[in-house]
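The values are calculated or read from the model by the stated rules, or taken from the named source; none is laboratory data. What you see is a predicted model, and the numbers here were worked out from it, not measured in a lab. As a convention, Cβ positions derive from the backbone with ideal geometry for all residues, glycine included, and neighbour counts pool all protein chains shown.
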Amino acid sequence: MYTGGCFCGAVRYEAGGPALHCTWCHCSMCRRLCGAPGVAWFSVPLAQFRYVRGQPAVFHSSPGVRRELCGLCGTQLSFADERTPWEMDVTTCSLDDPEALPPQDHTFADYRLHWEHIGDELPRYRRTRGDGLLERA
Ligand SMILES: [Zn+2]
Ligand SMILES: [Zn+2]
């Protein structure tokens, strides 16, 4: 069982395993929404995710995409896509223990800022995992 929540504590969640798709996303939407160069995510079965304190604010960043965040402190918590309704993506760093689920790959690596240097040997996908790997320079 994974537990986490927002910075101010108004919204808390629990998520059951297995955690899948641990990734470090470099897309421009995650970047702007979190005010950070990249954002780490993991996925759990939607049925295994629930809020146990408070309720999040909801924002649709594109059609069919639901992002949930704390309406008070603004912490981004989750991402759900109508095209994959069985799973819920959760921000790794909203976990109480982000060390538990380190990223296993990089997604949208083509979109990273030129000053964001990846310093690991994990696979780097150009966009999604289906879009192929990025050639190393
Ligand atoms: Zn909060
Ligand atoms: Zn992203």
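Determine whether Ser43 is at pLDDT below 95, within 15 Å of ligand 2 (Cβ to nearest atom) and not acidic (Asp, Glu).
On the way: at pLDDT below 95: no; within 15 Å of ligand 2 (Cβ to nearest atom): yes; not acidic (Asp, Glu): yes.
Here the answer is no, as Ser43 does not meet what is asked.
For region 25-40, how many residues are touching a Gly at 6+ places or on another chain (Cβ under 8 Å) and either part of a helix (DSSP H, G or I) or at pLDDT below 95 (or both)? Let's see the steps before the verdict.
So in region 25-40, the residues touching a Gly at 6+ places or on another chain (Cβ under 8 Å) come out as 25-26, 30-31.
Restricting the remaining residues to those that are either part of a helix (DSSP H, G or I) or at pLDDT below 95 (or both) gives 30-31.
Qualifying residue count, region 25-40: 2.
Does at least one position in region 95-111 carry a residue that is under 24 Å from Thr3 (Cα atoms), of a type in the set (D, E, K, R), within 16 Å of ligand 1 (Cβ to nearest atom) and touching a residue at least 40 places away in the same chain (Cβ under 8 Å)? Looking for residues that are under 24 Å from Thr3 (Cα atoms), of a type in the set (D, E, K, R), within 16 Å of ligand 1 (Cβ to nearest atom) and touching a residue at least 40 places away in the same chain (Cβ under 8 Å), one finds at least one in region 95-111, hence yes.
Among the residues making up region 16-58, those that are within 16 Å of ligand 1 (Cβ to nearest atom) and in contact (Cβ under 8 Å) with a residue 24 or more places away in the chain are Leu33, Cys34, Tyr51, Val52, Arg53, Gly54, Gln55, Pro56. Residues in region 64-77 that are of a type outside the set (Ser, Thr, Tyr) and either within 17 Å of Thr3 (Cβ to Cβ) or within 16 Å of ligand 2 (Cβ to nearest atom) (or both): Gly64, Val65, Arg66, Arg67, Glu68, Leu69, Cys70, Gln76, Leu77.
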